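Down below is the structure, laid out as structure tokens.
The values are calculated or read from the model by the stated rules, or taken from the named source; none is laboratory data. On a predicted model such as this, the values are computed, not experimentally measured, just so you know. Neighbour counts run over all protein chains shown; Cβ positions are idealised from the backbone, glycine included.
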Amino acid sequence: MSDREEEVRLMKGNEAIAHAIIRYGADGYFGYPITPQSEVLETLEEQMPWDTTGMVVLQAESELAAINMVYGGASTGKAVCTSSSSPGISLKQEGISYIAAGELPALIINVMRGGPGLGTIQPSQGDYFQTVKGGGHGDYRLIVLAPATVQEMADFVGLGFDLAFKYRTPAMILADGVVGQMMEKVQLPVQRPRRTDAQIAEQCPWAITGRAESRGHRNVETTLEMEPNKMELNNHRFQETYRRIQENEVRYEEYYTEDADYLMVAFGSVARICLKGIELLREKGIKVGLIRPITLWPFPEKIIREVGQKTKGVLTVELNAGQMVEDVRLAVECKVPVAHFGRMGGIVPNPNEIVDAFYKEFPEAK
Amino acid sequence: MTKEEIKKNGTVVAAKPRLITDNQMHYCPGCSHGVVHSIVAEVLDEMGLADNAIGVAPVGCAVFAYNYIDVDWIEAAHGRAPAVATAAKRLNPDRMVFTYQGDGDLSAIGTAETIHAANRGENIAIIFINNGIYGMTGGQMAPTTLEGMKTATCPYGRRVDLNGYPLKIGDLLAQLDGTCYVTRQSVHTTAATRKTKKAIRQAFENAMAGRGTSVVEVVSTCNSGWKMSPVKANEWMEEHMMAKYPLGDIKNTVK
């Protein structure tokens with residue numbers, strides 16, 4: 001089937017990401033193998049996009065090198081990306097901070113596995129803090145997209161790139177190992193052509209293209225500023241960008257929230273398990289709703305506050321020891337009890353466990 | 001004789017290169033960086049690459065190289081210049097992409113990036129300033145610091161039993177199939193400066209011709225870090241540095 005058309009396929013989330021990267025018209029991917037996301041690099045190498053779109057695919061010597069290749073490629077105005085899993089994302093933090101400070105567009109994909117340390121290759125959501133609160137040094141933010149389906153794995157590649165270029169800041173797809181490894185039906189986007197040099201020069205007048213004399217001035221990409229006053233101004237500019245993102249880019253989905261007496265908040269694959277649990281609870285006449293943050297930053301705090309404060313209690317379900325729950329508590333301003341249920345070590349809860357956890361936290365609902 | 005008369009007589013052998021900016025240099029008087037900057041600027045201009053060049057600056061004394069050489073630059077994180085240059089070149093294959101790195105950047109924190117970029121035969125030129133010390137941070141020990149040489153972090157002299165041996169990374173890079181040209185030069189005399197210029201031109205030609213990675217190591221002085229006068233530093237370099245790091249081509253597959 002032609003890649004010029006939208007195409008429905010059955011594939012893993014990681015494979016969908018690879019196809020979506022090519023079809024977005026990306027210029028480069030730089031990666032390093034790590035379970036459970038190696039299929040991204042494997043699929044890209046198998047597809048040989050250098051022969052079709054001209055996209056560069058390179059297996060780097062380390063995650064450090066890969067993220068700095070992304071920094072170099074993004075500096076030249078190209079649409080570039082990398083992917084890894086938790087321990088590898090830790091290694092990339094230095095480069096991510098530089099990309100943010102350099103006001104460069106780039107897409108980074110984290111298919112999370114359990115930690116800390118070498119941890120496990122099984123799914124986790126343990127990198128919420130690292131991704132949403134910082135990770136690298138300094139005051140910066142990442143646009144964080146949390147896919148729950150293989151379809152969203154594909155869709156968020158284009159969305160992530162678009163947002164990264166719109167705001168000149170790095171975006172991250174924060175997926176859990178479940179979404180990376182499971183196979184689902186996915187509609188792949190239409191193949192877009194890569195941008196021409198002229199289009200890049202127009203879209204990215206700041207790009208380091210080696211055209212100093214024809215441009216009439218040279219471009220320098222640096223994150224260094226020795227004068228405190230100027231460095232503070234740089235920081236104010238970053239913060240202004242983050243404010244605009246917070247105003248315009250909050251994304252979430254809500255289910256059964258109109259009549260909800262209780263609320264669950266979950267992201268990624270866990271939200272789908274929660275939805276099944278909520279259906280079981282509703283069969284018993286217990287009205288529970290769900291909010292699934294799609295952007296973990298900017299966090300959908302307004303909707304969680306509005307819905308959550310009207311309920312009798314909120315349960316946050318995560319594949320970690322309780323990370324997003326802190327933002328949920330802040331959002332509802334502690335007006336109602338906010339509890340956490342999590343599994344760790346690569347264990348994914350089933351819907352009945354979530355129902356049991358709900359009853360344990362809110363026994364009066366029974 | 002006035003400046004104008006000298007110019008008229010055609011006796012000028014060196015002038016401020018067109019691609020050197022008017023920004024005041026932060027390099028110490030007597031430091032080799034200024035001379036190497038001038039050479040890079042001259043070669044880029046003479047080869048018609050001013051409108052084609054992407055320089056990648058390191059962390060170290062040359063962190064501000066972009067303030068002095070008037071082409072497009074990317075400032076890399078410490079040691080990562082070869083990775084940054086890899087992507088810049090692969091995504092812009094018709095551009096002249098070069099890194100400019102010191103020994104701390106290239107042969108300590110960035111060893112992996114340097115070796116792997118060279119081993120892949122990236123079509124880039126690496127200008128490597130080897131002065132055996134970390135200049136920018138105040139004269140600490142580098143992998144290239146000579147045995148017995150005193151620095152801020154080996155105040156009684158480098159001991160190989162504690163700190164290992166001076167790293168001859170130029171020789172190491174020459175072992176890799178990806179490098180086409182690895183040479184060790186210096187800029188302490190006019191003759192040496194001319195040889196370095198020829199070497200940098202060769203490296204840039206190799207990069208543009210797609211022959212693989214070229215490395216021009218410039219054995220340099222850091223008279224501030226060495227705590228010597230510029231003249232004494234040149235003498236000390238000839239006697240000690242060049243004994244460990246002898247000048248000349250280590251590898252040239254192009255000739």
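General observations
- Hey, B:Gly48 surrounded by fewer than 16 Cβ atoms within 10 Å (Cβ to Cβ) and at positive phi or not: yes
- Residues satisfying the stated conditions in the range A:202-243, i.e. farther than 16 Å from A:Glu103 by Cα and assigned to a helix (DSSP H, G or I): A:Glu202, A:Ala212, A:Glu213, A:Ser214, A:Arg215, A:Pro228, A:Asn229
- Condition check for B:Lys255: of a type in the set (Lys, Arg), assigned to a loop (DSSP other than H, G, I, E, B) and surrounded by fewer than 19 Cβ atoms within 10 Å (Cβ to Cβ): yes
- Close contacts from the range A:218-239, counting a first residue that is modelled with pLDDT of 95 or more and basic (Lys, Arg) and a second that is in a helix (DSSP H, G or I) and surrounded by 15 or more Cβ atoms within 10 Å (Cβ to Cβ), with Cβ to Cβ under 8 Å and a gap of 6+ residues or different chains, come to A:Arg218/A:Ala212.
- Identity of the residue in the range A:204-216, more than 10 Å from every other protein chain (Cβ to nearest Cβ) and surrounded by fewer than 13 Cβ atoms within 10 Å (Cβ to Cβ), that ends up farthest from A:Thr76 (Cα to Cα): A:Gly216
- Which listed residue is over 27 Å from A:Gly210 (Cα atoms) and in contact with a Pro (Cβ under 6 Å, 6 or more places away or on another chain), from B:Thr137, B:Thr144: B:Thr144
- Filter pass, B:Arg18 being surrounded by fewer than 24 Cβ atoms within 10 Å (Cβ to Cβ), within 13 Å of chain A (Cβ to nearest Cβ) and not polar (S, T, N, Q): yes
- Selection within the range A:30-86 - surrounded by fewer than 24 Cβ atoms within 10 Å (Cβ to Cβ), among the polar types (S, T, N, Q) and more than 18 Å from the chain's Cα centre (by Cα): A:Thr43, A:Gln47, A:Thr52, A:Thr53, A:Gln59, A:Ser62
- Within the range B:21-45, restricting attention to residues that are buried (at least 22 other Cβ atoms within 10 Å of the Cβ) and part of a loop (DSSP other than H, G, I, E, B), the residue that is nearest to the other protein chains (Cβ to nearest Cβ) is B:Cys31.
- Listing of strands (runs of 3 or more DSSP E) fully contained in the range B:63-161 that carry 3 or more residues being within 26 Å of B:Ala50 (Cα to Cα) and more than 10 Å from chain A (Cβ to nearest Cβ): B:96-102, B:125-130
- Taking each residue of the range A:301-322 that is in the same structural domain as A:Leu290 (by TED's automatic domain parsing) and among the polar types (S, T, N, Q) and looking for partners that are surrounded by fewer than 15 Cβ atoms within 10 Å (Cβ to Cβ) and not in a helix (DSSP H, G or I) with beta-carbon atoms closer than 7 Å, six or more apart or interchain, yields A:Gln309/A:Lys335; A:Thr311/A:Asp261.
- Evaluation of B:Asn52 against (1) under 24 Å from B:Gln140 (Cα atoms); (2) facing chain A (nearest Cβ under 8 Å); (3) among the polar types (S, T, N, Q) (one fails), failing number: (1)
- The residues on offer are A:Asp127, A:Asp139, and the sole one that is more than 14 Å from chain B (Cβ to nearest Cβ), free of Cβ contacts under 8 Å to residues at least 60 places away in the same chain and touching a helix residue (DSSP H, G or I) at 6+ places or on another chain (Cβ under 7 Å) is A:Asp127.
- Here the condition is being without any contact (Cβ under 8 Å) to a residue 40 or more places away in the chain, over 24 Å from B:Ile133 (Cβ atoms) and surrounded by 24 or more Cβ atoms within 10 Å (Cβ to Cβ); of B:Arg90, B:Arg80, it holds for B:Arg90 alone.
- Here A:Ala171 fulfils each of the conditions (1) assigned by TED's automatic domain parsing to the domain that holds A:Ile108; (2) assigned to a loop (DSSP other than H, G, I, E, B); (3) under 27 Å from A:Thr52 (Cβ atoms) apart from (2).
- Of all residues making up the range B:33-52, the number that are without any contact (Cβ under 8 Å) to a residue 60 or more places away in the chain, closer than 18 Å to B:Val13 by Cα and of a type in the set (D, E, K, R): 1
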